[in-house]
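Engineer: Mind having a look at this structure? Questions to follow.
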Amino acid sequence: MTGRRRIRSTFLPRLLTRRARAGAATAGALAVCTSLAAGCGIVPGATGGSGDDPITVMTWAPENTDTTNKPGMPAFAQAYARWINAQGGINGRPLNVLTCNDRNDTVAAARCARRAVQENAVAVVGSYSVHADSFLPTLEGAGIPYIGGYGITNDEFTSPLSFPVNGGQPVLLAGLGRTLADTCGPVALIRPDTIAGDQLPPLLDSGLEAGGHAPAGDLRAAEDATAYDGEAQRALEHTTTDPAKPGCVVPALGDRAGTFMDSFRRARGDSSDVRTATVLGSVDQSTVDASGGASGPYEGSYVTGWYPSAGDARWKPMRKVIEEEAFGDNRIDAADAGVQTTWIAYTVFRRVVESLGDGEVTADTVTGALKGGLKIDTGGLTPTLQWKFQDELAAVGFPRLANAHVTLQVVRDGRLVSARDGFIDVTRTLREADLA
């Protein structure tokens with residue numbers, strides 16, 4: 001065993017029953033905010049309204065913590081506000097962006113939500129937090145929509161005021177499993193020894209079994225280990241049991257995936273044909289570069305993502321914003337899934353405000369537009385988005401999951417590139433999954 005089992009993972013979704021939320025709304029009133037220079041990060045403006053009144057929103061993410069950090073998300077939100085305001089705002093209204101550091105902490109996350117309420121934010125847009133059970137009750141109580149969270153918790157796919165732009169880890173794992181079913185021998189999943197981690201094997205297995213493949217070997221690991229030599233050796237043993245068809249190892253350890261891969265490279269040496277595969281968030285281009293590029297352990301790895309590869313022309317508008325308003329800001333990486341999610345979330349928000357015309361822009365009107373069947377084109381970065389009262393995956397516990405599409409990428413010559421054109425829809429795979 002790997003020691004005391006932890007409740008929370010810093011990367012993987014907590015596919016659990018929502019906890020009682022009564023205490024969250026009483027969190028402290030002061031926000032933990034980041035800044036452009038000092039104090040809270042605010043692009044000057046005031047609260048939303050009608051006419052030429054500024055529209056206030058908030059973006060939050062953890063920064064400067066010992067676990068997962070996403071500083072590029074609030075930094076990009078601020079750059080986006082500068083860019084949109086330089087063009088005259090949205091429908092003539094300036095965009096006022098507040099940012100907040102949730103510190104990967106339940107109390108800080110609740111404080112961010114309280115600040116959003118106090119500042120009359122009309123939405124929280126393009127954010128990352130593993131503490132949905134701390135901030136969603138406050139947002140729900142104030143009627144503030146949560147647009148484009150990172151898809152990191154189950155609550156984001158159940159809250160009536162959540163409007164996710166991707167399918168989170170459920171679709172990534174299901175899509176990866178379906179891909180590996182056609183290409184791999186035995187599959188080993190390395191995942192956190194946590195309650196959250198317990199929910200991951202059925203998701204990967206749903207894709208494997210849809211392709212007629214046996215379930216993956218479920219190998220638990222401590223999520224905060226400094227080495228994974230034992231787990232790497234067990235993964236190799238499991239995936240080399242069929243000499244005719246080498247297997248695949250799937251590390252699903254979030255920020256610790258790189259640590260596992262260091263151990264796996266030593267264990268594998270040069271003799272094994274076993275391949276690796278993972279999901280976006282456990283690996284990106286910077287991870288591939290840091291591990292040795294074409295000579296590193298990720299070469300040949302399949303990676304499922306939510307969006308087209310970073311080099312795709314459809315990202316050109318986002319890159320323009322970065323070049324014009326955040327050139328040299330090393331917090332913002334155009335290849336980071338968090339930055340990409342923030343761009344898509346603000347695209348959604350802009351379309352919503354534009355749909356309201358000269359009408360009042362409030363949390364209620366924004367929510368009303370999103371719930372009223374508005375269809376949103378994201379420039380091909382996702383399928384057309386539309387949130388229904390109960391979406392197709394409500395029966396398996398994801399009533400707000402409106403985008404069950406994934407992309408397939410592969411590390412080729414040290415670069416993360418598209419492995420096939422278009423999106424893969426895993427709605428049916430998830431619908432038939434045994435997630436009990």
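Engineer: What does the charge count near Arg82 come to, summing +1 for each Lys or Arg and -1 for each Asp or Glu among other residues with Cβ under 12 Å from its Cβ?
Structural biologist: -3
Engineer: A follow-up question, please. Which number gives the lysine pairs in the chain that have C-alpha atoms under 24 Å apart and are eight or more places apart or on different chains?
Structural biologist: 5
Engineer: Can you give the alpha-carbon Rg of segment 340-436 over 2.2 N^0.38 Å, where N counts its residues?
Structural biologist: So the Cα radius of gyration is 1.32 times the expected 2.2 N^0.38 Å.
Engineer: While we're on this one: Skip the ligands, DNA and RNA, and give the accessible area per residue of the chain with a 1.4 Å probe, whole Å².
Structural biologist: 37 Å²
Engineer: What dipole magnitude, in Debye to the nearest 20, does segment 293-436 give about its Cα centre under +1 on Lys/Arg Cβ and -1 on Asp/Glu Cβ?
Structural biologist: Result for segment 293-436 is approximately 260 debye, rounded to the nearest 20.
Engineer: What ranking, highest mean first, results for peptides 235-246, 253-264 when packing means the other Cβ atoms within 10 Å averaged over each residue?
Structural biologist: 253-264, 235-246
Engineer: What distance in nm lies between label points placed 7 Å from Cα along the C-beta direction at Asp413 and Asp182?
Structural biologist: About 2.4 nm separates the two model spin labels.
Engineer: Students often check this: by mean Cβ neighbours within 10 Å, which of 52-63, 372-383 ranks highest, and how do the rest follow?
Structural biologist: Ranked by mean Cβ neighbours within 10 Å, highest first: 52-63, 372-383.
Engineer: In debye, nearest 20: dipole of segment 217-313 around its Cα centre with unit charges on the Cβ of K, R (+) and D, E (-)?
Structural biologist: 200 debye
Engineer: Where in segment 70-97 is the amide nitrogen less than 20 Å from a point lying 7 Å along the Cα-to-Cβ axis of Asp377?
Structural biologist: Output list for this probe position: 90-91.
Engineer: Projecting each Cα onto the charge dipole of segment 294-387 (Lys/Arg +1, Asp/Glu -1 at the beta carbon, about the Cα centre), which of Gln386, Thr367, Met318 comes out farthest on the positive side?
Structural biologist: The Cα lying farthest towards the positive end belongs to Gln386.
Engineer: Let me have the relative contact order for the chain, percent, based on Cα pairs under 8 Å that are six or more residues apart.
Structural biologist: 19 percent
Engineer: Under a Cβ-only charge scheme (Lys and Arg +1, Asp and Glu -1), can you give me the dipole magnitude of the chain about the Cα centre, in debye to the nearest 20?
Structural biologist: Using Cβ point charges on Lys, Arg, Asp and Glu, the chain gives about 400 debye.
Engineer: To the nearest Å, what is the center-to-center distance of segment 251-268 and segment 149-210, using C-alpha atoms only?
Structural biologist: Cα centroid to Cα centroid, the span is 19 Å.
Engineer: Next up: Quick one: with all protein chains in place, what share of the accessible area of the chain is carbon or sulfur, to the nearest percent (1.4 Å probe)?
Structural biologist: C and S fraction of accessible area: 47 percent.
Engineer: Gln87 to Asn64: extension gain in nm, 0.36 nm per residue of separation minus the Cα-Cα distance?
Structural biologist: 5.0 nm
Engineer: Next question. To the nearest µm²/s, what D does Stokes-Einstein give for segment 232-273 at 4 °C and 1.567 mPa s, using the Kirkwood radius over alpha carbon pairs as Rh?
Structural biologist: Reported coefficient: 120 µm²/s.
The values are calculated or read from the model by the stated rules, or taken from the named source; none is laboratory data. Because the structure is a prediction, the values reported are computed rather than measured. Ideal geometry is used to build each Cβ from the backbone, glycine not excepted, and the neighbour counts take in all protein chains shown. In case anyone asks, the SASA skips ligands and DNA or RNA and just uses the protein heavy atoms, side chains included. Shrake-Rupley method; radii C 1.70, N 1.55, O 1.52, S 1.80 Å.
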